[in-house]
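Notes to accompany the following structure.
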Amino acid sequence: MIQRVAIVGAGTMGAGIAQLCAQSGFSVKVHDPMPAALAALPAKLKKSFDSAVLKGKLSTQQAERAYHSVSAIADISDLTGADLVIEAAPELLALKQDLFEKLSAICPDALLATNTSSLSVKDIMARASGKERTLGVHFFNPPVAMKLVEVIRTGDTAP
């Protein structure tokens, strides 16, 4: 059962995926190696949750609860304990491979997912351990508005 979600990347897609997960009742940790991106996350989320309230998509209580279920995490090793990790880093193969090599060790029981839109999921996961728990989950932008997620399996992904 998935209860704790980790997002790697606090940019547009990462923040949107974090908001969607939080609105769905999950506890969410967001990591970004760029301190400025991580520092901007709370304001970005607050603005988006406030907009959802104004549009009548969330109540004030739902928005507050979701907002407070997201934590900005400076150290990637603090993502341990996640049930699902979703990477939303820039589309650079070497960067994503490095991330999943680390994440597969930090979160040895988690599902490991990339939000790539252009790279091979199998190539991204080449250095990850536990390839049976790897997959692609391509969210469309903006994640909170688009009710579509493309799920990509590799030959190694378990059913």
Out of all the residues in region 121-129, is one or more over 19 Å from Ser27 (Cβ atoms), touching an Asp or Glu at 6+ places or on another chain (Cβ under 6 Å) and charged (D, E, K, R)? yes
Is region 67-79 home to any residue that is touching a His at 6+ places or on another chain (Cβ under 6 Å), of a type outside the set (Lys, Arg), surrounded by 13 or more Cβ atoms within 10 Å (Cβ to Cβ) and outside any helix (DSSP H, G or I)? yes
Please enumerate the residues belonging to region 7-28 that are more than 22 Å from Leu148 (Cβ to Cβ) and crowded, with 24+ Cβ neighbours inside 10 Å. Ala10
Residues of region 98-126 that turn out to be more than 16 Å from Ala158 (Cα to Cα) and either of a type in the set (A, V, I, L, M, F, W, C) or buried (at least 17 other Cβ atoms within 10 Å of the Cβ) (or both), as a count: 10
Is there a residue being touching a strand residue (DSSP E or B) at 6+ places or on another chain (Cβ under 8 Å), of a type in the set (Phe, Trp, Tyr) and closer than 19 Å to Pro143 by Cα anywhere in region 20-38? yes
Would you point out which residue out of Ala94, Ala74, Ala52, Ala37 is over 25 Å from Ile124 (Cβ atoms) and small (Gly, Ala, Ser)? Ala52
Going through Glu132, Glu87 one at a time, which residue ends up being buried (at least 19 other Cβ atoms within 10 Å of the Cβ), modelled with pLDDT of 95 or more, under 22 Å from Met1 (Cβ atoms) and of a type outside the set (A, V, I, L, M, F, W, C)? Glu87
Tally time: how many residues in region 71-88 are over 16 Å from Glu101 (Cα atoms) and touching a Cys at 6+ places or on another chain (Cβ under 8 Å)? 1
Which residues, counting only those in region 39-62, are surrounded by 17 or more Cβ atoms within 10 Å (Cβ to Cβ), free of Cβ contacts under 8 Å to residues at least 40 places away in the same chain and in a helix (DSSP H, G or I)? Leu41, Lys44, Leu45, Phe49
Considering only residues that are within 17 Å of Gly9 (Cβ to Cβ) and in contact with an Asp or Glu (Cβ under 9 Å, 6 or more places away or on another chain), which ones fall in region 41-70? Leu41
Subset of region 113-141 [of a type outside the set (Gly, Ala, Ser) and within 20 Å of Ala15 (Cβ to Cβ)]: Thr114, Asn115, Thr116, Val137, His138, Phe139, Phe140, Asn141
Taking region 122-145, which residues are part of a loop (DSSP other than H, G, I, E, B) and touching a strand residue (DSSP E or B) at 6+ places or on another chain (Cβ under 7 Å)? Met125, Ala128
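The values are calculated or read from the model by the stated rules, or taken from the named source; none is laboratory data. No experiment lies behind these values; they were computed from the predicted model shown. Glycine also receives a Cβ, built like all others from the backbone with ideal geometry; neighbour counts cover every protein chain displayed.
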